[in-house]
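Asks: Mind having a look at this structure? Questions to follow.
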Amino acid sequence: MKKIVPSYVSLLSFLLCCIVFVNVSCAQEGEQDMKPEETEVWEPVPEKVNPNGLNDKAPPSDAVVLFDGSDLDEWESAEGDGSPAEWDISGDHVTVAPGAGSIQTRRGFGSVQLHIEWRAPEEIEGEGQGRGNSGVFLQGLYELQVLDSYNNETYSNGMAGSIYKQHIPLANAAREPGQWQSYDIVYRAPEFKEDGSLESPARITVFWNGVLVQDDVELEGPTEYIGHPSYEAHEDKLPIILQDHSNPVSFRNIWLRELGE
Ligand code: MG
């Protein structure tokens, strides 16, 4: 008669199974003993914000309004000499006055949620980078490209929705020139150590006309037209710049919410 001797391996497997079973059972019993209240978190209570905007263009109640169609009081020339922003206001929007130069916010900002609407000229002039080009420079240094990218070939990391020469947008959500488009941006400013070296890079998320085109991407440094970017320590808060790239691009309904840590 053949004697059945259980191998050590089988025995070990059996013991392991027992341990796992007991552990899982205990965990489940522990969870069952918990009360619903034990996983409720009541503090802090988020501050009330009236979101607005469902049937109108009003920004959220806690937003810093940078432009609502009335004036450019929040803006100045990006020359930084305090001279006024000389772009043309008409109706609810402001349009780049080619040659007048870029404009910047009078106030500085760090991490922000930024909403901005823009429109490339209806009359198509130029091609590639020369058609409906402008830009939103976060902290005056990091460009989210504005370009007429409706049937307009150019390098992908320079089209609308791109972080210029750093990140290609995940999709081309362009509307036809002459139509209003929107960017909803979550921008996290870079942080620097005491010695000026980089603590954490800037990050950005962008929705273009509601379509996610930048998904929490890391910026390599300030935007460069030529060559590769690299960080240099800068102030925590810097003005936002809108670019004069010689094309009469229009903007409207510009607001932001400052983000904490
Ligand atoms: Mg540009």
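What follows draws every value from the coordinates through simple rules; no lab data is involved. If you're wondering where the values come from, they're calculated on a predicted model, not measured in any experiment. Neighbour counts are summed over all protein chains in view; Cβ atoms, including those assigned to glycine, are modelled from backbone coordinates with ideal geometry.
Asks: Which residues' amide hydrogens lie under 5 Å from the amide hydrogen of Tyr142, considering only partners 5 or more residues apart or on another chain, with H built in the peptide plane?
Replies: Here the answer is Thr223, since their amide H atoms fall under 5 Å of that of Tyr142.
Asks: Which value, to two decimals, describes the C-alpha radius of gyration of the chain once divided by 2.2 N^0.38 Å?
Replies: Against the empirical 2.2 N^0.38 Å value, I get 1.46 for the chain.
Asks: Can you tell me the 0 to 90 degree angle between the C-alpha axis of helix 8-33 and the longest principal axis of the chain, rounded to 10?
Replies: Tilt relative to the chain: about 60 degrees.
Asks: Between Ala233, Ala85, Ala63, which gets the highest mean-square fluctuation from a Gaussian network model of the chain, Cα cutoff 10 Å?
Replies: With Cα springs under 10 Å in the chain, the top fluctuation among Ala233, Ala85, Ala63 is at Ala233.
Asks: Given the -39500 (n - 2.57) contribution per DSSP H run of 4+ residues, what per-residue ellipticity at 222 nm results for the chain, rounded to the nearest 500 deg cm²/dmol? All intermediate terms of the calculation are to be shown ahead of the outcome.
Replies: Values: 1 runs with 26 residues, N = 261.
Calculated at 222 nm, the ellipticity per residue is -3500 deg cm²/dmol.
Asks: Of Asn151, Asn247, Asn133, which is the most mobile in a GNM of the chain whose springs link Cα atoms less than 10 angstrom apart?
Replies: Of Asn151, Asn247, Asn133, the Gaussian network model singles out Asn151 as fluctuating most.
Asks: Could the peptides 35-43, 97-105 be put in order, highest first, of the mean number of other beta-carbon atoms found within 10 Å of their residues?
Replies: Highest-to-lowest ranking by the protection proxy: 97-105, 35-43.
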